[in-house]
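Structure first, then comments.
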Amino acid sequence: MLDKAALAAAVVGLAASIAGYIEYRRALQGGSLICRADGKPGGCASVYVIPQAVIAGRVHLSELAPLYFTALTIAALLYVVAGNPWPLLLLSAGGALAVPYLVYLEVRVARAICMWCTIMHLSIITTLALAAAAALSGLGASL
């Protein structure tokens, strides 16, 4: 049960990361389907343009997110197939460490709420909670 829920949470994050990437690319072209640049919820465009959204001056976070969520989804799928939650736990924990900083960038630097970002953050935290619960129940069973 936890394994399929973790997979579902990872897939939701993957879908949001792909949608966010598409919106990012559209924003570069001057238009967007959903995102606005007005600082209100859905203000992804305001988040996309902050300098902190680019790593090493080259790679935008919107380009990295689908890669991360693909890895997270693969780890969740491996958990479903092999029953080992530890790779998923480690990968989601790494992502969860970044979430407070990313939320800070949205709220304090961009002064906007990116709906795709929020969905991805919730996906990471949910996946972490499910993987941690599975890992802890596995530890308890082995003691």
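The values are calculated or read from the model by the stated rules, or taken from the named source; none is laboratory data. Since this is a predicted model, take the numbers as computed values, not measurements. Neighbour counts run over all protein chains shown; Cβ positions are idealised from the backbone, glycine included.
Things worth noting here:
- Residues of the stretch 52-69 classified as surrounded by 15 or more Cβ atoms within 10 Å (Cβ to Cβ) and within 15 Å of residue 13 (Cβ to Cβ), total: 6
- A single member of 45, 27, 71 is in a helix (DSSP H, G or I) and either at pLDDT 95 or above or in contact with a Pro (Cβ under 6 Å, 6 or more places away or on another chain) (or both), and it is 71.
- Counting only residues that are more than 12 Å from residue 10 (Cβ to Cβ), modelled with pLDDT of 95 or more and crowded, with 18+ Cβ neighbours inside 10 Å, the stretch 113-131 holds 1 of them.
- There is at least one residue in the stretch 97-108 that is closer than 29 Å to residue 26 by Cα, charged (D, E, K, R), part of a helix (DSSP H, G or I) and out of contact with any Gly (no Cβ under 6 Å at 6 or more places or on another chain).
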